[in-house]
Amino acid sequence: MSRERRLTQVFVELADTLVDEFDLVDFLGMLAEATVELLSVDAAGLMLADDHGVLHVMASSDDQTELLELFELQQDQGPCLDAFRTGQPVIDADISRWPEFAATATAGGYLSAHALPLRLRGKIIGAMNLFRCDVAPLDPDEAALGQALADMATIGLLHEREMRGYIELTAQLEHALDSRVVIEQAKGMLAERTGLTLAAAFTTMRSHARRTGQGLTTVARAVLDGSLQTCALPAH
């Protein structure tokens, strides 16, 4: 399948999630994974800020990337933070400009990084991290596509805000962060029960959510409270 056709398919799939059972955490996770698939990058992640300007990791294409993003926040340095603070894309940056971040990124196999700001009505509300395992530029077309994907995250935020009547971004993020905790707990429980890897357990829950038209968080809660039996989940 050509990238152009796959791009159209991805945008249709993302648009299809904007329904009554919309799940922001699932939406952002899909977006991170689609970004890796469509761009010449090896990993991606999304951070969002609350009303106090504090960034939170909201989605990552894999667990290793999530740990790197958490470290970036802990050390208060890295491409995503720069994109958030300046409101400008960070493209083809030499990661050595962030010494502590660079050491951890390199240890994880990432040699270059980019970041794109997320904007909401002129306000910077977060950023998207892009990581590569080699040192290579991100061409202008890919940077533009990356920004379009980052803008999809903002669309998801606006959609959920309208659905749930949120007034403050902080309340919206608190709900999303609570959902992340539930999903992580369910993922671990399912992996322990079935012998699946954490990644496979997550894919299993997501597949069931898609097949049944439920939100991923709803499925995760059902796994935790036992109302969804393991045998009812698709095999992987």
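The values are calculated or read from the model by the stated rules, or taken from the named source; none is laboratory data. Computed from a prediction, not measured in an experiment: that's the story for all the values here. Reconstructed Cβ throughout: ideal geometry from the backbone, glycine too, with neighbour counts over all protein chains shown.
Could you check, for segment 77-90, whether at least one of its residues is of a type in the set (A, V, I, L, M), out of contact with any strand residue (DSSP E or B) (no Cβ under 6 Å at 6 or more places or on another chain) and in the same structural domain as residue 40 (by TED's automatic domain parsing)? Yes - at least one qualifying residue is present in segment 77-90. Considered as a group, the residues in segment 127-144 that are of a type outside the set (A, V, I, L, M) and crowded, with 18+ Cβ neighbours inside 10 Å include one that is nearest to residue 58 (Cα to Cα), and that residue is 129.
When the strands (runs of 3 or more DSSP E) confined to segment 1-100 are screened for residues that are among the charged types (D, E, K, R) and farther than 19 Å from residue 180 by Cβ, those reaching at least 1 such residues are found at 90-93.
Yes or no: segment 36-54 includes at least one residue that is under 16 Å from residue 112 (Cα atoms), acidic (Asp, Glu) and crowded, with 21+ Cβ neighbours inside 10 Å. No - not one qualifying residue is present in segment 36-54. For the residues 199, 148, the requirement of being touching a residue at least 60 places away in the same chain (Cβ under 8 Å), surrounded by fewer than 18 Cβ atoms within 10 Å (Cβ to Cβ) and within 19 Å of residue 37 (Cβ to Cβ) singles out 199.
Output the qualifying pairs, or none if there are none: Cβ atoms under 9 angstrom, residues six or more apart or on different chains, first residue in segment 109-134 and free of Cβ contacts under 8 Å to residues at least 60 places away in the same chain and closer than 17 Å to residue 35 by Cβ, second residue of a type in the set (Phe, Trp, Tyr) and surrounded by 21 or more Cβ atoms within 10 Å (Cβ to Cβ). Close Cβ pairs satisfying both conditions: 112/131; 113/98; 113/101; 113/131; 115/84; 117/84.
Note on segment 89-126: among residues that are in contact with a Leu (Cβ under 6 Å, 6 or more places away or on another chain) and closer than 22 Å to residue 156 by Cβ, the one that is surrounded by the most Cβ atoms within 10 Å (Cβ to Cβ) is 126.
Consider residue 103 carefully, then state whether it is hydrophobic (A, V, I, L, M, F, W, C), free of Cβ contacts under 8 Å to residues at least 24 places away in the same chain and farther than 21 Å from residue 28 by Cβ. Yes; evaluated as a whole, the condition is true for this residue. Among the residues of segment 14-29, just one is at pLDDT 75 or above and either surrounded by fewer than 17 Cβ atoms within 10 Å (Cβ to Cβ) or touching an Asp or Glu at 6+ places or on another chain (Cβ under 7 Å) (or both), namely 24. Checked against the criteria, residue 181 does not count as surrounded by fewer than 16 Cβ atoms within 10 Å (Cβ to Cβ) and either among the hydroxyl-bearing types (Ser, Thr, Tyr) or touching a residue at least 24 places away in the same chain (Cβ under 8 Å) (or both). Among the residues of segment 51-88, those that are touching a Leu at 6+ places or on another chain (Cβ under 7 Å), touching a residue at least 24 places away in the same chain (Cβ under 8 Å) and more than 26 Å from residue 140 (Cβ to Cβ) comprise 51, 55, 56, 58, 63, 73.
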